[in-house]
């Protein structure tokens, strides 16, 4: 992270069939991070807060509209693994991590 103080990050995953997603990080306050993340997403998106942790978004690499997964965990590797597992559980065939973020405590 670019800052040394505690930050709030937000990751969001599209809940519509377009495969939309967005994320924001390096924000000192949750409302600003949420607005920035939502501003990067077209369609219906869910904001997933990431505080003192890491978050990851996974999509099917060949068809982002087929399956997705997202997760928040204390460590980046755990968040990525959970997001990938969720993507495969929802029918993904070639799931990849599309975005990730950790706050300064994650």
Next on the checklist: Filter the range 62-95 down to the residues that are surrounded by 15 or more Cβ atoms within 10 Å (Cβ to Cβ), under 27 Å from residue 26 (Cβ atoms) and over 12 Å from the mean Cα position of the chain (by Cα) and list them by number.
Outcome noted: 64, 78, 81, 86, 87, 95
Checklist outcome for this item: Checked 11, 57, 97 against criteria (on the phi < 0 side of the Ramachandran plot and modelled with pLDDT of 90 or more); the one match is 97
Item to check | Number of the condition not met by residue 43 [criteria: (1) at pLDDT 75 or above; (2) under 27 Å from residue 89 (Cα atoms); (3) surrounded by fewer than 18 Cβ atoms within 10 Å (Cβ to Cβ)] | outcome: (1)
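The values are calculated or read from the model by the stated rules, or taken from the named source; none is laboratory data. Remember, predicted model here, so these are calculated numbers, not experimental data. For neighbour counting, all protein chains shown are included, and Cβ atoms are generated from backbone atoms with ideal geometry for every residue, glycine included.
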